[in-house]
Amino acid sequence: MSIALYRKYRPATFGEVRGQEHVTDPLRQALRSGRINHAYLFSGPRGCGKTTSARILARSLNCAEGPTPDPCGTCDSCVSLAPDGGGSIDVIEIDAASHGGVDDARDLRERAFFSPVSSRYKIYIIDEAHMVTREGFNALLKLVEEPPPHLKFVFATTEPEKVIGTIRSRTHHYPFRLIPPSTLKELMEDLLKEEEVSYDPAALPLVVRAGAGSARDTLSVLDQLIAGSDEGGITREGAVSLLGYTDSSLLGAMVDALGSRDGAAVFGLVDRVVEGGHDPRRFTTDLLERFRDLVVLAAVPDAIDKGLVNVSPESVDQMKEQASRLGPAELSRAAEILNHGLTEMRGATAPRLLLELLCSRILLPATDGDQTALLARLEQMERRLASGAVASADLGRQAPAAPAPAAPVAQAPAAPPASAPQTPARPEPEPERQAQAPQPAPSRPAEPAPRQASRNEPSGWDAPAPARSRTAPQQGAPSGGGGGPVDLGRLQGAWHQVMEAVKGRRRFTWMMLHGSDVQPVGVEGNTVLLGFSKPNEAKGFSNSGSDQVVAGAIQQVLGAEMRVAPAGTGGLAQARRPQPAPRPAEPAGWDAPPAQSAP
């Protein structure tokens, strides 16, 4: 009959305890110098060596050559207190879960005053000490405070805060910690070599993950894998199947589908997970860990070589490509959504539904109004621009040079201005300005005319509505050209050209305005009001300095110095209402130029 690995390889000395040097080194020094306390408190997570260290301490105290940090292992006390020994009558282990009442404490107190039978000290190891009742602790208080010279106490617990303060203050407290993954991996390699079992190195990180820092839990999982392996030894596929982890290829496919916003593939993979018998909670946990690895890879390209990320060799290239393709904001947002969703899945009656809702939130960042979602949308737009789905940066800068409406306007200088007064005449340098004018629409004012149009004013009045829209900006136009009072109609008519100027100045501001379909909703004095659908976007617009970029673009296009400010959520709704064609509040301003030029 085989013995469990955690029992077979239980440490017999402090030198064999791994991962707890912050505890074993001070204890060995205390034994070496003879400064031994009458009561100790060992606390920490399960399976990290508390009870084992208590037994080693008892063995070191009662060794024939002791007290010593290194027991001889040959005397009667060392042999009886060895991991495979029969035990000593002077070392009493008490399970407080079943002996934690006041009656048990009274019985212990009565027996404690008897001298040890054959050892130097009588030692009580009280395991699961947090299970002792308050009355039981109070019954032990006087004995723990002033014990006889031959009596020692060692309390071991996973919850030290439940040990009453009067007991805790009379002990030397040594907190144990979880064992690092690298230490557990070395321990398993040594045990497998000792057991002569072949193994796949890629399977050990899965065992370490299942053990969660506990040496006992890790060795229990390893023992189970050894028992279920054939002559081929421990394989990664067998560990994945036995431990219930999600296959790496399935996680990679899910990350690709979420990154490309392929909803059909995402929900198809969710159905595949459920139909395959996988637990949606476990799949969410594994997917969260995959996104964590991608975030680390995006920040530290050589994280795999440094040991910060433990993945199978066949997934390395795919994960590096995903980390470089997906932005850090999109990766961190997906990880945050999965983390919150994993908390909500505890005790949920429909975990599959929750998993599908989490995936839909990752697919649709526009549904969230926080800053992380906005950054994720910007990263997706940049990715589409780089892949060619939208016009590239170079083509975007050249777009104003040759628009479709510019072709008939460019032919206007060919006609002599004197022979055809009914046709708008243009001087020689005019085609450069006309190339930037958008296509005139009957319901909106056209682009303001350049300063030379004042010389050919009759031709402008002969033209229909587009020519009339040029006349109003000419009044009071600055010598710099293209200036004049700016109203909402003129700004809306030139907004396309303003957006192109913003695109040339700062692409981030252009993506923010273009992605949210921001339009001017009003002009108050020298301030242009822009309508935003979400308050967070308006706040980010002002904080990022984009208002100055838009103001500079308006000055470049219209020749007027204006301030730009967000109008809030109400402004956008007002902008989308149908506006009356004649604009009743502005006839006086439009009638002024004809009244002055009539004589």
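All of the numbers you see were taken from the coordinates with simple rules; none came from a lab. Because the structure is predicted, anything quoted here is derived from the model rather than measured. Every residue, glycine as well, gets a Cβ built from its backbone with ideal geometry; the counts of neighbours run over all protein chains shown.
What to note about this one:
- Members of Lys122/Lys193; Lys162/Lys185; Lys503/Lys534; Lys503/Lys539; Lys50/Lys193; Lys152/Lys185 lying beyond 30 Å, as alpha-carbon distances in this model show: Lys122/Lys193; Lys162/Lys185; Lys152/Lys185
- Förster radius 41 Å - calculated FRET efficiency between Glu21 and Ala227 (Cβ-Cβ, nearest 0.05): 0.85
- Computed from the alpha carbon positions, the gyration tensor of region 489-579 leads to an equivalent ellipsoid with semi-axes of 17, 16, 12 Å, biggest first.
- Straight-line reach from Lys8: taking Cα to Cα under 16 Å and skipping same-chain neighbours fewer than 8 places apart, the aspartates and glutamates in range are Glu16, Asp84, Glu189, Asp190, Glu194, Glu195, Glu196, Asp217, Asp223.
- Those lysines that a straight Cα-Cα span of less than 16 Å connects to Lys320, excepting residues fewer than 8 apart in one chain: Lys306
- Theoretical FRET efficiency, 1/(1+(r/R0)^6), r = Cβ-Cβ of Glu196 and Asn543, R0 45 Å, to 0.05: 0.10
- Length gained on full extension, Leu364 to Arg35: 112.0 nm, using 0.36 nm per residue less the C-alpha separation.
- Partner aspartates and glutamates whose Cα lies under 19 Å from the Cα of Lys142, excluding those fewer than 8 positions away in the same chain, are identified as Asp103, Asp104, Asp107, Glu110.
- Additional length obtainable on full extension of the chain from His150 to Arg507, 0.36 nm per residue less Cα span: 120.5 nm
- Between Lys162 and Ala264, the FRET efficiency estimated from the beta carbon spacing at R0 = 60 angstrom works out to 0.70.
- A simple spin-label model places the labels of Ala97 and Thr527 6.9 nm from each other, with each point 7 Å out along Cα-to-Cβ.
- Report note on the peptides 58-69, 97-108: ranked by the mean count of other C-beta atoms within 10 Å, highest first, their order is 58-69, 97-108.
- Enclosed volume per residue, in Å³, of the convex hull spanned by Cα atoms of region 248-363: 94
- Restricting attention to region 489-579, close to 55% of DSSP beta bridges with both partner residues there are antiparallel.
- Net +/- balance of residues flanking Ser77 in space, Cβ distance below 9 Å, scoring K and R +1, D and E -1: 0
- Ordering Leu151, Leu297 from the fewest to the most neighbouring beta carbons within 10 Å gives Leu151, Leu297.
- Projected label distance in nm at Glu561 and Ser115, using a 7 Å step from Cα toward the beta-carbon: 10.3
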